[in-house]
Amino acid sequence: SGFGAANVPNVRVVVDNTTPVTIQLAVGGAAVNVNVSADDAPPIDAAASKIQANITSQRIELLPKGVDFTSVLKTVPGTRPEGNSGGITVDGASGSENAFYIDGQEVTNFRTGTLNGNNAIPTQFVQEVQVKSSGFEAEFSRATGGVISVVTKGGSNDWRGEFGMQFSPRRFNGENRPTLYRFSNNTYEYYTSPKTQGTNVFPTANLSGPIVKDKLWFFGSYSPQIFEAINNTNYYTVAPAASRTITATERYRQKDTYEYAFLRLDASPTNNLRLTGTYTWNPIVRAGILPPGTYDIG
């Protein structure tokens, strides 16, 4: 009371980042209006020695991406997906050398050191993603590659909703490559398996808002990922190519559903106390299976 507005530079609060701000207050009148503006400019932490990058929800919305947060990690320098190295590589380290956190809770697989598929939560849940590649704090001592932290979205005093559907038809994929296959005891031939059909579907429904204005807020989302694979498999007689015939053709269908239901509650009982609770329901349900020798879904 009794002080005027201060000219404060652009300041952004991000995950695990300390930004010092010097504020000089001037003497003011009894009634003063203070305007606060915000943008998506990345901050510079002058007091830290770690190397890190933050991907905000505004940036995620503008990026071409997949259906989960790992698809945006490739926008960070030195970070890319590598299937032969166990997932995500950071500065050349294998996927098993990383550590993954969601809302401060480590979700790294304790056996393989990688991220389980059902913990690769959809981007609809994500408020911010941070990737630390070196110089990070001692609390992340287990990680020798990178530390990947995810912060989920929360509610506010404004009602917000999002409803949508994405489709990924397999008919747009390329043809399978030929592989060397033994049809008889002494004959090897190049064989191209039938192209997998089906359509992957990714619906989403989000809703957030206040339960008690200025005190209690919620964010809820249901965003399952449904992968479908349909394959026609031919069964041949064991004979040279000139006399080989198809004895039967079977149609197989496999459907994998990654269930993602998420709820977050934020409460502020007092000005100095903030409480947060989250719950994620993320089982993987498989119906049917493709026979050996066909191309599995991915």
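The values are calculated or read from the model by the stated rules, or taken from the named source; none is laboratory data. From a predicted model like this one, the values you see are computed outputs, not experimental measurements. So basically every Cβ, Gly included, is an ideal-geometry build from the backbone, and we count neighbours across all protein chains shown. To get the accessible areas, we keep the full protein, side chains included, count just its heavy atoms, and leave off ligands, DNA and RNA. Shrake-Rupley method; radii C 1.70, N 1.55, O 1.52, S 1.80 Å.
Numbers below:
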read-out	value
Close pairs (7 angstrom Cβ cut-off, 6 or more residues apart or separate chains): free of Cβ contacts under 8 Å to residues at least 40 places away in the same chain in the range 119-131, among the polar types (S, T, N, Q) and surrounded by fewer than 21 Cβ atoms within 10 Å (Cβ to Cβ) anywhere	none
Wholly enclosed strands (runs of 3 or more DSSP E) of the range 215-270 bearing at least 2 residues at pLDDT below 95 and either out of contact with any helix residue (DSSP H, G or I) (no Cβ under 8 Å at 6 or more places or on another chain) or surrounded by 12 or more Cβ atoms within 10 Å (Cβ to Cβ) (or both)	225-236, 246-258, 261-270
Breaking point among (1) over 24 Å from the mean Cα position of the chain (by Cα); (2) closer than 30 Å to Leu290 by Cβ, for Lys213	(2)
Yes/no for Thr257 being among the hydroxyl-bearing types (Ser, Thr, Tyr), touching a Pro at 6+ places or on another chain (Cβ under 7 Å), closer than 18 Å to Pro169 by Cβ and in contact (Cβ under 8 Å) with a residue 12 or more places away in the chain	yes
Counted residues, the range 120-130 - those being within 13 Å of Val15 (Cα to Cα) and open to solvent by less than 40 Å² (accessible area, probe 1.4 Å)	4
Hits in the range 73-126 - residues which are farther than 21 Å from Asn282 by Cα and either touching a His at 6+ places or on another chain (Cβ under 7 Å) or basic (Lys, Arg) (or both)	Lys74, Arg80
Residue that is least open to solvent (accessible area, probe 1.4 Å), among those in the range 54-69 that are farther than 22 Å from Gln225 by Cα and among the polar types (S, T, N, Q)	Thr56
Of residues in the range 151-167 being in a loop (DSSP other than H, G, I, E, B) and among the polar types (S, T, N, Q), the one surrounded by the most Cβ atoms within 10 Å (Cβ to Cβ)	Ser156
Failed criterion for Asn200 (all others in (1) out of contact with any Ser or Thr (no Cβ under 7 Å at 6 or more places or on another chain); (2) assigned to a strand (DSSP E or B) hold)	(1)
Of residues in the range 132-150 being without any contact (Cβ under 8 Å) to a residue 60 or more places away in the chain and not aromatic (Phe, Trp, Tyr), the one nearest to Pro203 (Cα to Cα)	Val147
Qualifying positions in the range 131-150 - closer than 24 Å to Arg264 by Cβ and surrounded by 20 or more Cβ atoms within 10 Å (Cβ to Cβ)	Val131, Lys132, Val147, Ile148, Ser149, Val150
Test set (1) aliphatic (A, V, I, L, M); (2) open to solvent by 70 Å² or more (accessible area, probe 1.4 Å); (3) at pLDDT 80 or above - Ile51 fails condition number	(3)
In the range 204-214, the residues that are assigned to a strand (DSSP E or B) and either open to solvent by 30 Å² or more (accessible area, probe 1.4 Å) or touching a Phe, Trp or Tyr at 6+ places or on another chain (Cβ under 6 Å) (or both)	Ala205, Leu207, Ser208, Gly209, Pro210, Ile211, Val212
